[in-house]
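Novice: Below are the structure tokens for one structure; questions will follow.
Bear in mind these aren't lab numbers, they're just calculated from the coordinates by the rules spelled out. Just so it is clear, the model here is predicted, and its values are computed rather than measured. Here the Cβ positions follow ideal geometry from the backbone for every residue, glycine too, while neighbour counts run over all protein chains shown.
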Amino acid sequence: KGSGEELLKVDSILMQFGGLKALNNVDLSVKRGTIHGLIGPNGSGKSTMMNVLTGIYIPTAGNVLYAGESVVGKTSSDIAISGIARTFQNVQLFGEMTAIQNILVGLHHTFKSNIVDVALNLVRYRKEDQEAHARAMALLKFVGLEDLANEEARNLPYGKQRLLEIARALALDPQLLLLDEPAAGLTAPDIKELLRIIRKIRDSGITFILIEHHMDVVMSVCDTVSVLDFGQKIAEGKPAEVQADEKVIKAYLGT
Ligand code: ADP
Ligand code: MG
């Protein structure tokens, strides 16, 4: 599938909360196989954009085309199944469930396990169950957590919880992965490991939108960066260009 082709097109999105325009006429174009950074000061609309892309918010106006099809008005779960997965700014794992159970939750839509199916066809169910387990273990291994499969998520170090959340998102077999500040609160070695895993996922062909405050992370992995300020896109380009842009510098100094 040709990289360079547009996977996601955000067209003039307006997201209004009462009198506040959290997103004001924002366009984005994300090319397949790239890592697209989304940066901007606190409150500039980054997480709101993620929530629009994943069906948590329905935009006041504008359109979002994913692989050529509008996702506006679709449910979050339909959008996830269509191939857009995400992590959250604040880790959202099931703390009392083990690492592998957290991944199995992410895989559940691949089961056709309505109760009648299960009753009529236990053998097939068990087979799918085993396959899901093997897939979940493979994902844990991919992010280096295979030895922690049976630890409760809440007992994992914070950096590992972030990686577990990414593994859970990958369980959906996404084409587009949205990460909302994945490096927030991580130590320098954790950030290094996160970057290694992001690159490995990118090399497998998955496209990213990466919201991140750590400029070194943005600079080292993003192909293109868009900058939001007060809900508007104020700059866009290669990381080095954007970093040198006066409007961007001013926006960050202003907060
Ligand atoms: P960022 O992720 O860039 O820090 P957000 O997208 O979280 O910013 O927020 C952008 C603006 O929209 C903020 O002013 C925030 O308070 C507001 N906002 C976000 N979600 C809602 C909501 N559900 N209701 C009202 N205001 C919201
Ligand atoms: Mg945010």
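Novice: Students often check this: by mean Cβ neighbours within 10 Å, which of 41-47, 14-20 ranks highest, and how do the rest follow? Display every interim value, and only then the final one.
Specialist: Details: 41-47: 19.3, 14-20: 12.3.
Listed from highest to lowest mean packing, they are 41-47, 14-20.
Novice: Once Rh for the chain is found with the Kirkwood sum over Cα pairs, what is the Stokes-Einstein diffusion coefficient at 25 °C and 0.890 mPa s, in µm²/s?
Specialist: 128
Novice: 222 nm [θ] for the chain, helices only, -39500 (n - 2.57) per DSSP H run of 4+, per residue, to 500? It would help to have the intermediate numbers written out before the result.
Specialist: Values: 10 runs with 101 residues, N = 255.
Result for the chain: -11500 deg cm²/dmol, rounded to the nearest 500.
Novice: Along the range 154-159, what does the Karplus equation 6.51 cos²θ - 1.76 cosθ + 1.60 (θ = phi - 60°) give for ³J(HN,Hα), rounded to whole Hz, x for Gly and Pro?
Specialist: Karplus-based 3J(HN,Hα) across the range 154-159 equals 5, 8, 6, x, 3, x Hz.
Novice: Over all distinct alpha-carbon pairs, what is the Kirkwood Rh of the range 191-255 in angstrom? Let's see the in-between values first.
Specialist: Details: mean 1/r = 0.0782 Å⁻¹.
After inverting the pairwise mean of 1/r, the radius is 12.8 Å.
Novice: Another question about this same structure. In the chain, once you exclude exposed GluC sites (Glu not before Pro) (DSSP loop, at most 14 other Cβ within 10 angstrom), what's the longest stretch remaining? Walk me through the numbers on the way to the answer.
Specialist: Numbers: sites that count: E5, E96.
The reported range is 97-255.
Novice: Is the range 1-102 rounded, prolate or oblate when judged by the Cα gyration tensor, a ≥ b ≥ c being the square roots of its eigenvalues, rounded requiring a/c under 1.5 and prolate requiring a/b larger than b/c? Don't skip to the end; give the middle numbers.
Specialist: On the way: a/c = 1.63, a/b = 1.17, b/c = 1.39.
In terms of gyration-tensor shape, oblate.
Novice: Long-range amide H contacts for L23: which residues qualify at under 5 Å (H placed 1.01 Å from N, peptide plane, sequence gap of 5 or more or a different chain)?
Specialist: M15
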